[in-house]
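Undergrad: My questions will all concern the structure given below.
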Amino acid sequence: MLFALFCLDHPDKTDVRLAVRPQHIDYIDASGGMVKIAGPLLSDDGETMIGTLMVLDVASRAEAEAWNRSDPYAKAGLFKSVEIRAWRRTFGALDGR
């Protein structure tokens, strides 16, 4: 089942995001294909990272929550809020990296 994670950063934690980003990317790379699509959310300037959007293919919401809790970004306290919702792809393709 697919779950979308919509994570918004604390506004004063840009330094945390940049410092932890390599570990976050390694965590996604090690997911064994569980992460179907991911990338930073951007401010209206199109440059400043303000959050993260990920779509996970997992068996349950509990698994998505557990995966998120272990994300280096979450462990570092980057996220102000995380919303997790079941999601169904209707249009477009989810290509791998």
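The values are calculated or read from the model by the stated rules, or taken from the named source; none is laboratory data. Bear in mind the structure is a predicted one, so any value in this text is a computation, not a measurement. Note that each Cβ is placed from the backbone with ideal geometry, even for glycine, and that neighbours are counted across all protein chains shown.
Undergrad: Got a sec? Which of Arg69, Arg17 is at pLDDT 95 or above, charged (D, E, K, R) and surrounded by 15 or more Cβ atoms within 10 Å (Cβ to Cβ)?
TA: Arg17
Undergrad: OK, next. Restricting segment 28-38 to residues that are under 19 Å from Leu2 (Cβ atoms) and surrounded by 10 or more Cβ atoms within 10 Å (Cβ to Cβ), which is nearest to the chain's Cα centre (by Cα)?
TA: Ala38
Undergrad: Does segment 71-92 include one or more residues that are among the small types (Gly, Ala, Ser) and in a helix (DSSP H, G or I)?
TA: yes
Undergrad: Take Glu65 and tell me if it is outside any strand (DSSP E or B) and closer than 15 Å to Ala4 by Cβ.
TA: yes
Undergrad: Filter segment 26-48 down to the residues that are part of a loop (DSSP other than H, G, I, E, B) and either in contact with a strand residue (DSSP E or B) (Cβ under 7 Å, 6 or more places away or on another chain) or of a type in the set (S, T, N, Q) (or both) and list them by number.
TA: Correct list: Ser31, Met34, Ser43, Thr48.
Undergrad: From the set of residues in segment 72-97 that are surrounded by fewer than 18 Cβ atoms within 10 Å (Cβ to Cβ) and among the aromatic types (Phe, Trp, Tyr), which is nearest to Ile37 (Cα to Cα)?
TA: Among residues in segment 72-97 that are surrounded by fewer than 18 Cβ atoms within 10 Å (Cβ to Cβ) and among the aromatic types (Phe, Trp, Tyr), the one nearest to Ile37 (Cα to Cα) is Trp87.
Undergrad: Restricting the first residue to segment 10-30 and requiring it to be within 14 Å of Leu42 (Cα to Cα), which pairs with a second residue that is crowded, with 17+ Cβ neighbours inside 10 Å and among the acidic types (Asp, Glu) meet a Cβ separation below 7 Å and a spacing of at least six or different chains?
TA: Arg17/Asp9
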